[in-house]
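Data block below; observations after.
Nothing in this text is a laboratory measurement; each read-out follows from the coordinates by a stated rule. Everything numeric in this text was worked out from a predicted model, so none of it was measured.
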Amino acid sequence: MLSSPRARLAYLLTMLLAFAGILGLAVIALEQAISAGPAEAWMMAGVLAVVVALPLALVLLPVAGWLQRRARKVVIVPNAGQNVPRAGR
């Protein structure tokens, strides 16, 4: 786990840049498979789903979870050290 926020941001940007390159190569490969025929295109689509989508999900899903946790940290009632009157009624 990266501890520094700058290191996390650098890692995220590096991974997104790498996946953008992989996605570009995947588009080229899919275009070539489409020109070869529909069966080859479907086989290539299945391979690309594993090669591109799965690693991308492994990076983006933790980012989405972090954003959700960050959004939930909003406190509706500030903690003043005492009970809220008539909260249980």
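Residue separation of ARG8 and VAL59 scaled by 0.36 nm, minus their Cα-Cα distance, works out to 17.2 nm of gained length. The phi-based Karplus calculation (6.51 cos²θ - 1.76 cosθ + 1.60; θ = phi - 60°) puts the 3J(HN,Hα) values of segment 10-25 at 4, 4, 5, 5, 5, 5, 5, 5, 5, 5, 5, x, 5, 5, x, 5 Hz, whole numbers, x for Gly and Pro. Residue-normalised convex hull volume from the C-alpha trace of segment 5-72: 79 Å³ per residue.
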